[in-house]
1. How many of the residues making up region 187-204 are in a strand (DSSP E or B), touching a helix residue (DSSP H, G or I) at 6+ places or on another chain (Cβ under 9 Å) and under 16 Å from residue 175 (Cα atoms)?
2. List the number of the failed condition for residue 40; all other conditions in (1) surrounded by 14 or more Cβ atoms within 10 Å (Cβ to Cβ); (2) closer than 24 Å to residue 103 by Cβ hold.
3. Return yes or no: is residue 50 farther than 17 Å from residue 157 by Cβ and touching a helix residue (DSSP H, G or I) at 6+ places or on another chain (Cβ under 8 Å)?
4. Checking residue 216 against (1) closer than 30 Å to residue 67 by Cα; (2) surrounded by 15 or more Cβ atoms within 10 Å (Cβ to Cβ), which test does it fail?
5. Read through the list (1) under 17 Å from the mean Cα position of the chain (by Cα); (2) buried (at least 17 other Cβ atoms within 10 Å of the Cβ), then give the number of the only condition that residue 224 fails.
6. Tell me, which residue of region 227-236 that is over 23 Å from residue 261 (Cβ atoms) and crowded, with 18+ Cβ neighbours inside 10 Å is nearest to the chain's Cα centre (by Cα)?
7. Show me the strands (runs of 3 or more DSSP E) entirely contained within region 26-145 in which 3 or more residues are within 30 Å of residue 212 (Cβ to Cβ) and not assigned by TED's automatic domain parsing to the domain that holds residue 172.
C-alpha cells in the first residue's frame, strides 16, 4: 500500500536527494534549498512503500503580475513503481494542500514529446497548456534530456475551477490534423506535415507525436531533433492563435494532442 504525506523535515529532504539520484542520475537539489522552500509557501508531497520514499512532488511559491501561484517544479517516481497512478495521486495531494494554503493556480513544465507526462497532465488532471518555452533549461546533461533543446510546455492547473474540480470533459469536435506520422524501415516514427494553413480557424486541431520519445532519441538523434523542431513550430502557431492543449489521446504507438480555443474552457475567474 502506498502512503502519502507532506514532507517538512531535514531528514525527509535527505530522502528526496537519494531518490533524485535514482530517478534522474544528476546532482540533487541542496537540502537547505528544499527545506527553505517548504518553510516559505512551498509544498513537497512524498509517496512511501514499506517505509521507503519511492516518489515525490516538489513545488515552491511563484509570483507573477501581482498574483501568487505554486510552481510545481519536480515530480519523480522510482522506476519500479511507475505506471501505478502514483504521479496522479502526488499531484492531487499537492493540490489539496495548495488550496488549504490559499493557492488557486499551480504551474509546471514538461517536455511535450513525453506522452506519459502529457497524458497525466492534460487527460487525467485536466491541466491545460497555452505556453511554449524554447530551450527552457538550456543544454541539459541528464539521461532524459541530453542532446536536444529543452523545450517545454507550461501547464496551468486551475485548482478551484469547474474545469478541474468537476473534471469537465471537453467537446473536442472533429479535430483537423496538422501532421501525420509513418514508420521507417527501422520502425522509427517519421514526421509528416500537412498542408500549410494560412489561418487557424477550426474549432479544434490535433498533432500526432511519438509514443516512446526516449527510445527514438536513443535510436536516432537526427529524427528526434526533427520532431522537436517540427512540432515546436506547430505548437507555437496554435498557441499564438489562442488555442490550448487540453487532451492527449494515447494509442498503441503514438499520442494525439487535442487543441481547442482557450476561451471556451470553464477556468473560473482567472483565465491566465
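The values are calculated or read from the model by the stated rules, or taken from the named source; none is laboratory data. Source: prediction; values computed, not measured. Positions of Cβ are backbone-derived with ideal geometry, glycine not excepted, and every protein chain shown enters the neighbour counts.
1. 1
2. So the condition that residue 40 fails would be (1).
3. Values: farther than 17 Å from residue 157 by Cβ: yes; touching a helix residue (DSSP H, G or I) at 6+ places or on another chain (Cβ under 8 Å): no.
For residue 50, the condition - farther than 17 Å from residue 157 by Cβ and touching a helix residue (DSSP H, G or I) at 6+ places or on another chain (Cβ under 8 Å) - is not met.
4. Among (1) closer than 30 Å to residue 67 by Cα; (2) surrounded by 15 or more Cβ atoms within 10 Å (Cβ to Cβ), the lone unmet condition for residue 216 is (1).
5. (1)
6. Per the stated criteria, the residue is 228.
7. 43-49, 52-64, 67-77
Okay, residues lined up against (1) modelled with pLDDT under 95; (2) under 15 Å from residue 230 (Cβ atoms):
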site: 146; (1), (2): yes, no
site: 151; (1), (2): no, yes
site: 161; (1), (2): no, no
site: 172; (1), (2): yes, no
site: 188; (1), (2): no, yes
site: 191; (1), (2): no, yes
site: 194; (1), (2): yes, yes
site: 206; (1), (2): no, yes
site: 210; (1), (2): no, yes
